[in-house]
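The values are calculated or read from the model by the stated rules, or taken from the named source; none is laboratory data. As the structure is a computational prediction, the values presented were derived from the model and not from experiment. Cβ placement follows ideal geometry from the backbone for every residue including glycine, while neighbour counts extend to all protein chains displayed.
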Amino acid sequence: MSVKHRGRGSQAWNRRVGLRIAFAALLLVLPVQLAVRNAISDEPYPGLFLPNFGPVPEQAGSVEFQTRSVTAELTDDTVIVLDGGELLTGSGGGALPFTRLLSDPAHVDEKTVKWLGERLRVVYPRLDVQSLSIVANSWKFDESTGERSLRGTHVLNRIEIGGTE
């Protein structure tokens with residue numbers, strides 16, 4: 001009995017069979033992954049479904065959002081808004097991480113207060129800052145008018161500096 005070799009034709013046939021097996025395996029794996037996802041209620045890493053970004057607070061052409069700002073109370077009781085990014089210039093940071101970190105009183109210790117006092121003297125040498133406040137600002141943007149309106153403010157953390165001069 002002799003066996004005939006198909007030569008180049010057998011390679012094409014093997015590729016087609018391999019492609020069909022891979023496609024069938026994918027069809028079998030997809031329902032399994034969906035079942036696992038539903039059983040654990042969330043994928044450990046999004047293989048099929050990308051994570052959502054939560055509910056979008058859009059209602060009737062308006063969007064509500066929050067920003068954070070840094071305000072300084074001077075020793076003469078004047079309150080001014082400072083640029084958090086400017087305060088961090090040269091320190092390798094930005095305003096968002098700065099305001100998030102300082103929003104939590106647990107992250108503000110004596111070293112942090114000392115560092116803030118030194119930075120204030122460098123960046124704002126003419127200001128005599130008594131305290132810094134991290135403020136959450138609630139805004140509403142109306143798409144129809146293109147206007148942004150402040151809905152309210154809330155002080156997240158007040159840091160006593162004690163004067164810089």
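Descriptive notes on the structure:
- Candidates LEU34, LEU87, LEU82 - the one that is at pLDDT 80 or above and either surrounded by 12 or more Cβ atoms within 10 Å (Cβ to Cβ) or not assigned by TED's automatic domain parsing to the domain that holds GLY146 (or both): LEU82
- Counting the residues of segment 113-130 that are under 17 Å from LEU101 (Cβ atoms) and touching a residue at least 24 places away in the same chain (Cβ under 8 Å) gives 5.
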